[in-house]
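The values are calculated or read from the model by the stated rules, or taken from the named source; none is laboratory data. What you are looking at is a predicted structure, and each value in this text was computed from that prediction instead of being measured. Cβ atoms come from the backbone with ideal geometry, glycine included; neighbour counts cover every protein chain shown. To get the accessible areas, we keep the full protein, side chains included, count just its heavy atoms, and leave off ligands, DNA and RNA. Shrake-Rupley method; radii C 1.70, N 1.55, O 1.52, S 1.80 Å.
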Amino acid sequence: MSWEHAITVHTLDEIIEAGENLKAGKEIVLFCDTGGKCFFDDAPNPYLKAITAVLDGQGAEGWILVDVTLREEDMICFWRRQRGSEA
């Protein structure tokens, strides 16, 4: 079995745009601790749905999420799919 790989970077603005029902005026706050773990502070469901929408876009093209890294201003996703399985 042969795999191809991709790395995508999704900015915080892109994630926000992917959400359909974000409340106007509500600021997203992303915190990263000294160990490199990042999380959204007080993230209501629309933000989680926005991230899911970004991930689903790649999944629809046959990509499998291998790993994700959240940074202060963006999200880096590592993907793979079997060669020749383009959607």
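With the checklist (1) touching a Cys at 6+ places or on another chain (Cβ under 6 Å); (2) open to solvent by less than 50 Å² (accessible area, probe 1.4 Å); (3) modelled with pLDDT of 80 or more in hand, flag the one item Ile76 doesn't pass.
(1)
What residue, of Gly57, Gly62, is surrounded by 13 or more Cβ atoms within 10 Å (Cβ to Cβ) and modelled with pLDDT of 90 or more? Quick ask: steps written out before the conclusion?
Working: Gly57 fails: modelled with pLDDT of 90 or more.
When all the criteria are applied, what remains is Gly62.
If Asp42 satisfies all but one of (1) surrounded by 14 or more Cβ atoms within 10 Å (Cβ to Cβ); (2) at pLDDT below 75, what's the number of the condition it fails?
The failed condition is (1).
What is the residue count in the stretch 6-31 for residues that are exposed (fewer than 13 other Cβ atoms within 10 Å of the Cβ), over 13 Å from Val54 (Cα atoms) and at pLDDT 75 or above?
The number of residues fulfilling the criteria is 1.
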